Structures are given as C-alpha cells and as structure tokens.
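Following: one structure in structure tokens, then a few remarks.
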Amino acid sequence: MVATAMQSVRTVLRRPYAHLAGLAITVLVVQQFVESSSSLFLVQLMALYALAALGLNIILGMAGLLSVAQAAVMALGGYTAGLLMIKAQLPFVVALLVAGAASAVLSAFVGLAALRISSHYFILVTLAVAEALSLLLINEEDLTGGYNGIGGIPPLVIGGLDLSSPLALAVVAIVTLFIGWYVADALAASRSGHGIHAGGADPQLAMASGINVARLRFGASVTGGVYAGVAGALYAETLLYLGPGDFSLGKALLILLIVVIGGMGSNAGTVAAAVILVYLSEGLLRLTTVGPLVYGLGIMVILVIAPNGLDGVARRLRRAFGRILERRVAR
Amino acid sequence: MSPDPDAAVRVRGVRVLFGGVAALDRIDLDVVEGEVFVLVGPNGSGKTTLLNAVSGFVPLAEGSVELFGEDVTRRRAHQRADRGIGRTFQSPRALQSARVTDLLSFGLYRHDPRSWAGEVFRPLRALRLDRQVDERFRTVLDTVGLPDELLHEELGSLSHGQMKMVDIARALLGEPRVLLLDEPTSGLNQGEIDKLHEIVQGLRTGGCTPVLVEHNVQFVVDLADRIAVLHQGELLALGEPRATLSRDEVVEAYLGPKGRLAHRDGGHQAETRN
Ligand SMILES: Nc1ncnc2c1ncn2[C@@H]1O[C@H](COP(=O)(O)OP(=O)(O)O)[C@@H](O)[C@H]1O
Ligand SMILES: [Mg+2]
C-alpha cells in the first residue's frame, strides 16, 4: 500500500515533470523575490557552479575519478567563449558550442590518463593539468592578457534578444542548469549511466557484467567536460571580464566540495550543495574574518555526521518518514 | 585430449604465475555444454585463479582459453562477458550505498533497453521501459528466492546470504551461456542452499552451463556431472563425482596420508545415506 503510493509519487516526480516544475518555481521565486543586482549575481553563480559540479558529479560521483581539473576545464570554456566573441565577433551561441567542444577535448585528455594509471596518481595528473592551464593563461599574454585577463566581453545577446540584465542572465543560467540537470538525470537512469556507476563502484564487478569500464570512464570525462565548458562560457557573460584567478585551485576545491557534500552520484544533492556552498563562500567568507574558519569547520562537521552528504541525509529522512507512514497505515 | 566440438570452455596448458610462483600449472580441461562442472580442492589450490583465468581477470603466463570454439586468450574480461561468460565473486562486493536495483542494472547492462538518448528525448517511453526493467528485476529476484521489497534497499542493509543471492541475480541478468560461481554456498543458510541447488539445476535446463567452485561436498555430489580436483595449482583428478572424490590421491590431498583410513568410514556413511 505504502509501496504503491511511493511508486506513484515517484512517477509524478519523474523526468520531465519534476524538472519543468522545478524550473518554473525557481524562475518565479527569483523573479518575485530577488531584486538587487548583487543577489541576482549570486543566483547566477549558484546556477553556474551547480552546472560545473553536475559535470564533476558524472566524473567523480559516478565514474569515481577524483579530479581537481574541473575549474581548469571551466576556465578553458570561459576563455574560449570570451576570446571568440571579442576577437572573432562570433555570436554567443557559436562561442558556447566551441567552448563546450574545447572543454570536452581537454577533459577527454585528462580522462585518457584514467585509463592508464591507478586512481592514486590520477588526481596528480588532474592537478598537473590544472596548473599547466593556469600557467598558460598567465604566460600567453598576447592572447589571454596574462594576469590582467580579458575584458570587454560583449554582453549576452541570443538571437537578437538582449539578455544582459542581471535578471535575464540569472534566468538563462537557471534554464541551462535545469537542462543540464535533466540530461544528467537521464544519463543516471540509462544503460550508460549504470555502466559508468558500475565502473566507479567496482571495476571488477563491472567488467564481469560486460561493461567496458575504460570506454565509459572516457565518455564520462568528455560529458563532464561539456558541463564545465558551458558553465565557463556563461560565466564569461556573467562577469564580462575573466582573469586567471577566477579559476584558481580554490575554485576547483569548491566544485569538489559541492559534489562531496551533495552526496556522490546524486544530482539533486549536488545542486542543493552548490546553492548552499556558493552562498556561504560568497557571503560568510567575504563578510567576516572568522568566516573561512567557520566554513572549514562546518564542512568537517557535515562530512563526519553525514558521510554520504545531503543525499544520504535525505535518504535517511525518507526512510524514517516511510516507517512512520507505514505505522499509521497499519493502525 | 581430443578436440570436443561441444566444449563451452576449453582450457589448454594454462599456467598462471604470481611473483614467479605458479598458482596454476599445465591445466587442461573441457567443460561440456549442458553439464554441471564443479571444481574442488583445498584452500589455496588455485580454484579462484582458474575462474579468473577463464573470465579474463588474471593474465596467463602460458596456455589458452577458448569459449565455444573461439580463442579468447587475448580478450579482456568485459569482452569475454560479451561472449557469454558470467561470474560471481567469492566474497560479495561491498557497494555500501548502492541499492539492489543499481546492482541489478549493472548485471542487465548487456541487455539494458534504456539508452541515454531515449531517456532524454522520449521520457514517456522511458517510463514504460522502467516498468519493464522493474518487472524483470522482480522476476530474477523471485528466481533466487528473494522478496521484491528488497529492490530499493541499500546493499549494506542485506544479510550475507541475501547479498550473495542478489549477486547471482545480477549475473543471471547478463544471460550468460556459462556461469562461474565461486563458492556460492559459503555463508548461506540451509534454505538458501536448497534454493541454490534449484537455481543451478534450472540453469542447465535454461541453456546455461554452470561451473562451480565448491567446498560443500554434500551439496556437490548429486548435483555435479563431473568434478575436477585441484591441488597446489595442478589438476589432480577429473571425472564422475563419487569415484573422483574417493580416489586415494584426492583423499590424500585433502586429509594427508594418514587421513585415508578415517576416510574409508566417512565414504561408507555417504554411501549408505543415499
Ligand atoms: N592476486 C594474487 N597475488 C598473489 N598471489 C595470489 C593472488 N591470487 C591468488 N594468489 C595465490 O595463488 C594461490 C591460489 O589461490 P586461489 O586461486 O585464490 O585459491 P583457492 O580459490 O583454491 O582457495 C594461493 O597460494 C594464493 O595465495
Ligand atoms: Mg577461492
């Protein structure tokens, strides 16, 4: 009885209804209640970091590859889109597609390492790639402006529509996030998604089931890279200026923390954690001197009480709720 | 050995080395399609290593492995699975936060109808496919004697026996032509062991050839068509179960030279019981 009720709840909460409803509600709430441009800026950042983190969730949460290169991949997307718009006057949509492709290639390159070496060394490879890209951004001054970065990125226009206001930018970021979320949920529910998950959870068991673990790891890296590239391109439109500092190792760790706190493999958890952590890192950290300390301790506490992140907490609550319901029904 | 056109698995001159020490040496054997083939031998005799050699989890120093007449010696584990080799592992895998449905989805991989593009662009069809897959999972859980309420449980909350049965269900979903089971009865209660007996016999009628590594002689004797005995990495004996198990060199390998007398009584008991 409870099981069938849960089943129908699950059906209604399913793709695409859940995502459409979530998108509508989020846009409405933002449009009604978020007014100041600084708050709208925060919303943009939340959506874009959530998008990049959804990509890392495919690479780390599902495929089990611990990467700190996701901010670098995002940087490549941002710089690619920005430079194409500035130097080649390409429209945003074209720049976005190229940025997505460029980031996919970089992420694929990183993913190739995962096919050859053990997971302990993989993180070092990703660290090296992140460092190399950041040096490239700083040293190729003629192209990237070095420490000064690139300015004068043309404001967002799509199909002749001016979307450069803070609210429009926030809505574009939110819509993109929900599309990415939907596609990531579809992946998780699909054959490929289960294969990626299997390869991350237990490679031997996966291979015994006929899963080509190497190929799927590679595919996960490419896919996760596209997410970061798209997030980077929109990030360029949010700031209209990009510098190497926007994609420091600190940003890589923020994206990593979002995935871990969200609960490995959980898309909903990742989005929720992105909202919370971006809020904390932009608000708490900037406003107070003890902020960073509180933030660090808070994260430690969360990881100790909830090793499976927000997703684990949600599961526990659901189970407890289910048990209460069952007792009610039994009576 | 003469070539056997029906060999589901053919192992020839197989040698596996671990740090220069041979865990398997000069192993020749054929598993005939449709028989129940059982591997026995003392701990550390190389049974698991032989399953690994057949399923592609350990490199061979020498020798070859054929599946249904095709040489797969150079094929990787997932490619051998594609050619019909399924297997379970000796100790169930500790995928703590994954759910039973996840593990079963891993097993369904080769026949999973849920493509990524389909899940993105045809969500309503995906809903139907989900129901089909769900139905299939319930059926396979029923086959291994588990209630379908377990479907959404986390693996960490299952008992050892349930976990092993779920892993067999996982392997069955790949529809293997040969299923390698590594000590399937260890840690199972009597009810589960009886169920397993039924499953193995069902496999045979369903066109799948079971190959078991098994310690439980009682379980094996009336189930196996042929038994192979491994001892220190070598094939000690191979043949009809009762005769093979009572051969002197087999008894010696298990019990040492002095065990022989004691065995005579045990063997007698086994005879009278049947
Ligand atoms: N990965 C490995 N590395 C080194 N030695 C191994 C490995 N796997 C098995 N061995 C050794 O090979 C021998 C056979 O092991 P195994 O096949 O697991 O035996 P069984 O399954 O019959 O108990 C044992 O001596 C064991 O210690
Ligand atoms: Mg063993």
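Counting only alpha carbon atoms, the long axis of helix A:191-201 and the longest principal axis of chain A meet at about 90°. Counting Lys and Arg as +1 and Asp and Glu as -1 over every other residue whose Cβ lies under 10 Å from the Cβ of B:ARG99, the net charge comes to -2.
Among A:ASP185, A:ASP246, A:ASP162, which one shows the biggest mean-square fluctuation in a GNM of chain A, springs joining Cα atoms closer than 10 Å? Result for chain A, Cα springs under 10 Å: A:ASP162 fluctuates most. Taking amide H atoms as placed 1.01 Å from N in the peptide plane, the amide H of B:LEU230 lies under 5 Å from those of B:VAL40, B:GLY41, B:LEU236, each 5 or more residues away in sequence or on another chain. Over all Cα atoms in chain B, the spread is summed up by Rg and Dmax: 20.0, 72 Å.
From the Kirkwood radius over Cα pairs of the stretch A:22-248, Stokes-Einstein at 25 °C and 0.890 mPa s returns a whole-number translational diffusion coefficient of 137 µm²/s. Using the Karplus relation 6.51 cos²θ - 1.76 cosθ + 1.60 with θ = phi - 60°, the per-residue 3J(HN,Hα) values for the stretch A:221-229 come to 5, 4, 4, x, x, 4, 4, 5, x Hz, with x marking Gly and Pro.
Across A:ALA75, A:ALA206, A:ALA184, mean-square fluctuation computed from a Gaussian network of chain A (C-alpha pairs under 10 Å connected) peaks at A:ALA206.
Where only DSSP H runs of four or more residues are counted, the protein assembly as shown gives -19500 deg cm²/dmol as its mean residue ellipticity at 222 nm, each run worth -39500 (n - 2.57).
For A:ASP202, no residue has an amide H sitting under 5 Å from its own, ignoring neighbours fewer than 5 places away on the same chain, with H placed 1.01 Å from N.
For the stretch A:206-327, the direction-averaged projected area of the alpha-carbon convex hull comes to 11.6 nm².
Both numbers refer to the Cα atoms of the protein assembly as shown; Rg and Dmax are 28.7, 95 Å. Remark on the stretch B:35-193: hydrodynamic radius 17.2 angstrom, per the Kirkwood mean of 1/r across alpha carbon pairs. Which of these, B:GLU154, B:GLU119, B:GLU252, has the largest mean-square fluctuation under a Gaussian network model of chain B (Cα springs below 10 Å)? Looking only at B:GLU154, B:GLU119, B:GLU252, the biggest GNM fluctuation is shown by B:GLU119. Computed 3J(HN,Hα) for the stretch A:93-108, one whole-Hz value per residue from the Karplus formula 6.51 cos²θ - 1.76 cosθ + 1.60 where θ = phi - 60°, is 4, 5, 4, 4, 5, 5, 4, x, 5, 4, 5, 4, 5, 4, 5, 5, glycine and proline marked x. Dipole of the protein assembly as shown computed with +1 at Lys/Arg Cβ and -1 at Asp/Glu Cβ about the Cα centre; of B:PHE219, B:LEU173, B:SER159, farthest Cα towards the positive end is B:SER159. Between the stretch B:13-81 and the stretch B:164-187, how many Å separate their Cα centres? Centre-to-centre distance over Cα atoms comes out at 18 Å. The C-alpha radius of gyration of the stretch B:129-220, expressed as a fraction of 2.2 N^0.38 Å, stands at 1.07. Evaluated at q = 0.13, 0.22, 0.30, 0.31 Å⁻¹, a Debye calculation over the C-alpha positions of the stretch A:57-106 (equal weights, vacuum) places log10 I(q)/I(0) at -0.35, -0.73, -1.03, -1.07.
In summary, the aspartates and glutamates within cross-link reach of B:LYS47, defined as a Cα separation below 13 angstrom excluding same-chain residues under 8 places away, comprise B:ASP25, B:ASP182, B:GLU183, B:GLU214, B:GLU234.
Peptide A:196-204 shows a mean partner chain C-beta count of 5 within 10 Å per residue C-beta.
A simple count of charges around B:VAL120, restricted to other residues whose Cβ falls under 10 Å of its Cβ and scoring Lys, Arg +1 and Asp, Glu -1, yields 0. Projecting the Cα atoms of A:LEU97, A:LEU42, A:GLY82 onto the charge dipole of the stretch A:22-248, computed from C-beta unit charges around the Cα centre, puts A:LEU97 farthest toward the positive end.
Taken together, the values in this text are just the output of simple stated rules run on the coordinates, not laboratory data. Here the structure is a predicted model, which is why all the values come from computation and not from measurement. Here the Cβ is made from the backbone with ideal geometry for all residues, glycine too, and neighbour counts use every protein chain on show.
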